[in-house]
Amino acid sequence: FTNKATMEIIGIYKPYIYSAKFDGEELSEFSRLFSELMDIDDVWDFLNEHKEDFNRYLFQFFDSTFEAAEQVSDEAKEMLSYFDELSENTREDMQPDFDSYFKNLDGIYKCEINYIPVKGYGSKYRPTLIRLYAIKLKPNVYVIAAGGIKLRKKIQDSPGLKENVFRKIDKVREYLSQFGITDASDMD
């Protein structure tokens with residue numbers, strides 16, 4: 001399903017997980033996010049660029065930004081592996097599935113009943129610094145809209161997320177609504 005004017009919806013784990021691919025971007029949000037998060041140099045650069053936030057909120061957990069960058073890279077790999085497991089579980093109607101992974105995103109989206117913004121973080125092994133934001137269409141059907149490293153308690157305060165998350169979520173919700181996309185069959 002493609003509208004060249006705004007974005008494409010790309011299948012990641014069909015028919016459960018899809019991802020927005022915004023105009024002008026080479027990769028879908030899902031692919032972009034994991035490509036960046038598994039690159040230790042990119043993560044290290046990001047953490048050093050936001051050293052004040054790192055020192056204030058995360059330094060107590062890590063000896064250095066490099067150690068944190070290594071952990072983020074490992075977490076990204078774990079999350080991808082966990083998504084493989086969630087996909088298989090969803091296909092087999094077992095738990096945990098994608099619905100048990102994603103949680104409603106409260107705040108400004110607290111009362112939404114259509115195109116519900118959700119967040120995901122962590123793997124079965126541990127919570128992570130990584131956040132994944134998606135739109136829930138139906139049970140176990142999601143469109144990834146944004147993601148990144150969460151350095152602060154609130155999205156609105158976290159560099160890298162505050163500039164993008166709400167804007168991308170709203171853009172994806174608008175696109176899905178405009179084209180009446182309500183489940184996986186509308187994207188194939």
Answer with yes or no whether residue 36 is more than 30 Å from residue 100 (Cα to Cα), open to solvent by 50 Å² or more (accessible area, probe 1.4 Å) and acidic (Asp, Glu). no
Just wondering, is there one or more residues in region 79-95 that are of a type outside the set (Gly, Ala, Ser), exposed (fewer than 13 other Cβ atoms within 10 Å of the Cβ) and touching a Ser or Thr at 6+ places or on another chain (Cβ under 8 Å)? no
Can you find even one residue in region 101-120 that is touching a residue at least 40 places away in the same chain (Cβ under 8 Å), on the phi > 0 side of the Ramachandran plot and surrounded by 16 or more Cβ atoms within 10 Å (Cβ to Cβ)? yes
What residue, among those in region 1-24 that are part of a loop (DSSP other than H, G, I, E, B) and either touching a Phe, Trp or Tyr at 6+ places or on another chain (Cβ under 8 Å) or modelled with pLDDT of 95 or more (or both), is most open to solvent (accessible area, probe 1.4 Å)? 14
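The values are calculated or read from the model by the stated rules, or taken from the named source; none is laboratory data. What you see is a predicted model; the values in this text were computed from it and never measured. FYI the Cβ positions are ideal-geometry reconstructions off the backbone, even for glycines, and counts take in every protein chain you see. Each accessible area value is taken on the protein alone, full model and side chains, heavy atoms only, with ligands, DNA and RNA left out. Shrake-Rupley method; radii C 1.70, N 1.55, O 1.52, S 1.80 Å.
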